Amino acid sequence: MSSRFFTRNPGLLGRFRRWLALCAGRILRFISLKSGRSASALPGGVALMIYRDFLQDICDGRELVMVSGTNGKTTIVHTLSELMRAEGREVFANDSGANMQDGLASSLLARRGEIKAAKKPLFIFEVDEAWFPRLTRYLKPQFCIVSNFFRDQLDRYGELDHTRELIRTALEQCPEHTKFVLCADDPLCASLSDAGKARSRFFGMDVQAMKPFQDDLLLESRRCPICGEDLTHSATAYAHLGEYHCEHCGFIRPVPDFSFFPDAEEGAEGLARFHSSGEEGCTLRFGIPGLHNLYNAAAAVLGALQLGLKQASWKQVLPEVRPVSGRMEKQKLKGRDLSIILIKNPVGAEQAISYIKSDKQIKALYFLLNDREQDGCDVSWIWDIDFEDLASELLEQVKLILFSGSRAADMALRLIYAGVDENKLRVFDTVDEALLTAVKGLEADEKVAILPNYTAMLHLRNRLLALGAQTENKGIAARAKGEEDE
């Protein structure tokens, strides 16, 4: 057994400060838990204030995977963790979704005893895009997975080019042995391969499953990330993900090392044919629905294969993976089925609505929109969601559209401008009132789709727990209490 929490020796003074940091973090965690509040980020933050190398001393010399990008980080980390646990690895991940430095330190503090007992711990960290380059200055990951790039939290990240530069800087700071797993279908992501040369592997959708590109399609990224000229697109999966090339500099979509072909009828429900380069393909249903989650599954499997997962293992594990908190999470309240789908940017919202359209039993929509710091205070992104194209179908399918949160009125106004009948819209002051109204107005076989942004999702899940809702994932329910305060 390792019997060590820290692996570095920082000298006498360093060890003393590290001991103080550890004591302070553990005491704060104990007090937070006893008071019923979240211990997600505060203990780690205080520990790092006392001893800034706290994280480095835990991770140094141990196997580390970092996952970053705009959408899908939490699901990729969750799926990758499940894959590696099935392989017998002792995995330690920031399951709560606290993906900045303080949250990472807290997640390791919470599992100190298990880490000390582990023979060969594997750390898998979801990392915020802005924090990614700060962390790779001193943490040395063996693998990095980058999911995609979409416009998100403009008041924090700015435009896409800035977010891509943050990730690029992080990758360039990694050791030479670090391997990268990148999305082939996202030109902004695939172009990062030159930071790792031959160390990059790619995941993506089978081109034969993509839709022909339409010239009037609005893309968040049209220009070549290498030379700045316009890209030529020939097929599309969704948003700017698809097949592309640059006629000016020759940049072209790489061939994926791991790909998927969604089923024509049930692709939205997770059914697809997955194929690893050089291996026979396999048709199965990923346990988390949605086209975007097939990308997350492919990223996780390719990352796991790089970590030494046996080819046969992922075929058994993927169907058993269940949604992590708020990411296509299923709950039941008063006998009615609820689907919680986190949305935080236009592309994520459009993918969520695309999934809702595929499930005709969804008869109520409930939007929860906050503007707290963790969400990004600028909520203007809701005006970039293509509700106009979706309005007529939503009117036919749903009976009621509900809203709550600090910016509920803004979201309601957005749908009014999209042409949705005002008589179907209701704004509520409290989550409880909205939830109970939604389920009361449905038949036994009808469902509610709930679309919160981040802090709204945390509050929602606490209120569902208080109202006696049941979730299919007991681990999710166990973490819900107190999570809101992170």
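Brief remarks on what is shown
- Around Gly113: net Lys/Arg minus Asp/Glu count, Cβ-Cβ under 13 Å: +4
- Residue exposure sequence - His248, His177 - by fewest surrounding Cβ within 10 Å: His177, His248
- Three-way shape label, region 215-374, alpha-carbon gyration tensor, a/c 1.5: oblate
- Protection proxy ranking for 370-380, 315-325, 201-211, using the average of other Cβ atoms within 10 Å per residue and placing the highest first: 201-211, 315-325, 370-380.
- Expected-Rg normalisation [2.2 N^0.38 Å, Cα atoms] applied to the chain: 0.96
- Mean sequence separation of contacting Cα pairs (under 8 Å, at least six apart), scaled by the length of the chain, corresponds to a relative contact order of 13 percent.
- Charge sum, other residues only, whose C-beta stays under 12 Å from Ala235's C-beta, Lys/Arg counted +1 and Asp/Glu -1: -1
- With pairing defined as another cysteine C-beta under 4.7 Å, the cysteines of the chain that fail it are Cys23, Cys59, Cys144, Cys174, Cys282, Cys377.
- Environment charge at Phe367 (Cβ cut-off 12 Å; Lys +1, Arg +1, Asp -1, Glu -1): +2
- Relative contact order %, region 299-456, counting alpha carbon pairs below 8 Å whose residues are six or more apart: 33 percent
- Cα gyration tensor category, rounded, prolate or oblate, for region 305-400 with a/c compared to 1.5: prolate
- Backbone N under 14 Å from the Lys211 label point (7 Å along Cα→Cβ), restricted to region 288-305: 291-292
- Here region 287-355 yields Rg over Rh of 1.05, to two decimals, using C-alpha coordinates and the Kirkwood radius.
- Gyration tensor (alpha-carbon) shape descriptor, region 63-112, a/c threshold 1.5: oblate
- Put simply, the amide H of Lys179, placed in the peptide plane, has neighbours under 5 Å in Phe143, Cys144, leaving out anything fewer than 5 places away on its chain.
Taken together, the values in this text are just the output of simple stated rules run on the coordinates, not laboratory data. These numbers come from a predicted model, not from an experiment. No Cβ is skipped: glycine too gets one built from the backbone with ideal geometry, and neighbour counts run over all protein chains shown.
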